Structure formats: structure tokens, C-alpha cells
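The next block holds one structure in the form of C-alpha cells; read it before the comments.
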Amino acid sequence: MAQLKHKKIAAMLAPLGLIGGLVMSTTGLADHHNRYAIDAARGVVKNSAGECWITAGGVQEKLEACGDMVMVDSDGDGVTDDKDRCPDTPRGAPVDASGCPLDSDGDGVADYMDKCPGTRAGAKVDQDGCEVMKPMTKVENVVIDNVLLFDFDSAELKSGAAEVLDSSYAKFKGKDAVKSVIVTGHTDSIGSEAYNQGLSERRANAVRNYLISQGADASKLEARGAGESQPAYSNDTKEGRSMNRRVEFQVIMK
């Protein structure tokens, strides 16, 4: 008789999609506080009173025999409710042993929502788990023709160079927004590479020393020599070589 009744209930549940792991709440006469798990192999579980009830499509019926106890997993994440610390996890989301969504890269965005998995440790991320990049540093460049600063093959500032440097550096001098200034000397390709490197370094230092003498912050000024390694124009022409002989200010703003 009990076997026949179980078959009857199975037939009733099948069209409703309630066979095989469905979770549902009971109301009315059956039970007000407990949840049941329906399992095709083991039947309906007993409630806290030791009774086995089934509720489907508004029909409630008490069974004569109970199946084995099956713990409820309301959100279907593989962690039963008694152990689930995150009971409303979206279906299909990977979870840990506590039933909470995995966050493999530890950025605070669960894997199932993370569009940028593998974010480096400690990186600031947006709501999609993608790293928020810092704004690019603003850099301003000032280029001065060497003919205005130095005589041929010389690293001594010539007459009139002070006025050019004062004018070029005026907008940056004493400004808190200026993080640092790199003064770079450049040459053309005439002469040996080693000689041109040394000449460009001496010229860059001459400019730096002058600016410091006029009140520029020495801690913010760096002198570099690039020699002939960074031509702005072709060294195959007289005009190109002339343009390559230059001093550049690279002003890095905060």
C-alpha cells in the first residue's frame, strides 16, 4: 500500500517538475517552520515532529513511511543550509566550503562577477573586479636650441643664455605642482659617441647648476646626458644635426 502511494505521489510531482532535488516550504496543516527536500530515490524527509509530509501544487499529504533524512540546500550551491553562511548565492556561482562565493584573487569581487580574474594582490579594483589605473603622470617638455646656450664644442653658458633659461624655467620655478625636472643634453652624431656623451652631460649639468644658482630647488632637478642616442631629426643633413643639438626640460607634474 505504501509503495503504491509513493508511486501515486511521484506521478503527481513529475508534471510539476518537483522530482529530483527540489526544495520547497510547507504551509498549513503539514508544517509551518520546516523545509523538505524531495528526492526521487529516497522520497520525502521527515519534519521535526518525525512526520513525513509532501506539498505539491497546493496538495498536502502525510506519508505512511519516511525516506532517509536529506539536508536542504536552498540555493543549490552544494552546501546544505545548516552549513551555508551565504544562503542566497546565485545558482551556478562557485562557492567555498561555507557556501559563500569564491573570490580567487582576493579583490573583494566574487569570481562569478569578476571580469578581470587574477588581479594582482592589493590592487584597487572597480565593481567588475578590474584594476583602477592611476591617472597618468602629466609631463611637459621644453626644448631649447643649443645655439642659444653654448658655443661650439663648449659646455660653458654663453652670453644671453641666462635670459633664455630664466624665461624657459619661469613657469615651473617654485611651483608646488612640479614633482621633478629632468634636464637632458643632446648632441648630433659628429664626433665619437663617447665624446658626445660626455659633452651632453657637461652641458646638462651647466644648465642645472645655473638654475639652482637662481633659486631652483636642487632636490627637484636632475641632469642627464643622452649624447647622440636620441636624435629628434636625421643626422644626415646639416639642418637635422642642428636641431639635434639641444637641451630639454622634462617637467613632471604631481
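The values are calculated or read from the model by the stated rules, or taken from the named source; none is laboratory data. The shown structure was predicted, so the numbers you read here are calculated from the model rather than taken from an experiment. Ideal geometry is used to build each Cβ from the backbone, glycine not excepted, and the neighbour counts take in all protein chains shown. Heads up: the accessible areas ignore ligands, DNA and RNA and are worked out on the full protein's heavy atoms, side chains in. Shrake-Rupley method; radii C 1.70, N 1.55, O 1.52, S 1.80 Å.
If a residue has to be at negative phi and out of contact with any strand residue (DSSP E or B) (no Cβ under 7 Å at 6 or more places or on another chain) to count, how many in region 95-119 make the cut? Before the answer, list the steps.
Quick first cut of region 95-119, residues at negative phi only: 95-98, 100-105, 107, 109-117, 119.
Next cut, out of contact with any strand residue (DSSP E or B) (no Cβ under 7 Å at 6 or more places or on another chain) only: 96-98, 100, 103-105, 113-115, 117.
So the answer is 11.
Pairing each residue of region 113-137 that is free of Cβ contacts under 8 Å to residues at least 24 places away in the same chain and under 26 Å from residue 253 (Cβ atoms) with any residue that is assigned to a loop (DSSP other than H, G, I, E, B) and of a type in the set (A, V, I, L, M), provided the two are 6+ apart or on different chains, yields C-beta distances under 6 Å for 124/132; 126/132; 131/123.
Would you say residue 145 is open to solvent by less than 30 Å² (accessible area, probe 1.4 Å) and touching a helix residue (DSSP H, G or I) at 6+ places or on another chain (Cβ under 8 Å)?
Details: open to solvent by less than 30 Å² (accessible area, probe 1.4 Å): no; touching a helix residue (DSSP H, G or I) at 6+ places or on another chain (Cβ under 8 Å): yes.
Here the answer is no, as residue 145 does not meet what is asked.
So in region 226-254, with the set limited to residues that are touching a Gly at 6+ places or on another chain (Cβ under 9 Å) and of a type in the set (Ser, Thr, Tyr), which one is most open to solvent (accessible area, probe 1.4 Å)? Among them, the one singled out is 233. For beta carbons closer than 6 Å, sequence separation of 6+ or different chains, a first residue in region 165-178 that is over 14 Å from residue 211 (Cα atoms) and a second that is open to solvent by 50 Å² or more (accessible area, probe 1.4 Å) and part of a loop (DSSP other than H, G, I, E, B), the qualifying pairs are 177/254.
Is it the case that some residue within region 79-92 is out of contact with any His (no Cβ under 6 Å at 6 or more places or on another chain), farther than 26 Å from residue 219 by Cβ and outside any loop (DSSP other than H, G, I, E, B)? Explain how you work it out, then say what you get.
At the first step, the residues of region 79-92 found to be out of contact with any His (no Cβ under 6 Å at 6 or more places or on another chain) are 79-92.
Restricting the remaining residues to those that are farther than 26 Å from residue 219 by Cβ gives 79-92.
Now drop any that are not outside any loop (DSSP other than H, G, I, E, B), which leaves none.
Looking for residues that are out of contact with any His (no Cβ under 6 Å at 6 or more places or on another chain), farther than 26 Å from residue 219 by Cβ and outside any loop (DSSP other than H, G, I, E, B), one finds none in region 79-92, hence no.
Scanning region 162-176 for any residue that is among the small types (Gly, Ala, Ser), in contact with a helix residue (DSSP H, G or I) (Cβ under 8 Å, 6 or more places away or on another chain) and either at pLDDT 95 or above or over 24 Å from residue 238 (Cα atoms) (or both) turns up at least one such residue.
Residue-by-condition table, conditions (1) among the charged types (D, E, K, R); (2) under 22 Å from the mean Cα position of the chain (by Cα); (3) surrounded by 13 or more Cβ atoms within 10 Å (Cβ to Cβ):
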site: 79; (1), (2), (3): no, no, yes
site: 85; (1), (2), (3): yes, no, no
site: 89; (1), (2), (3): no, no, yes
site: 94; (1), (2), (3): no, yes, yes
site: 131; (1), (2), (3): yes, yes, yes
site: 134; (1), (2), (3): yes, yes, no
site: 137; (1), (2), (3): no, yes, no
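Within the set 205, 196, the sole residue that is within 20 Å of residue 181 (Cα to Cα), open to solvent by less than 80 Å² (accessible area, probe 1.4 Å) and not hydrophobic (A, V, I, L, M, F, W, C) turns out to be 205.
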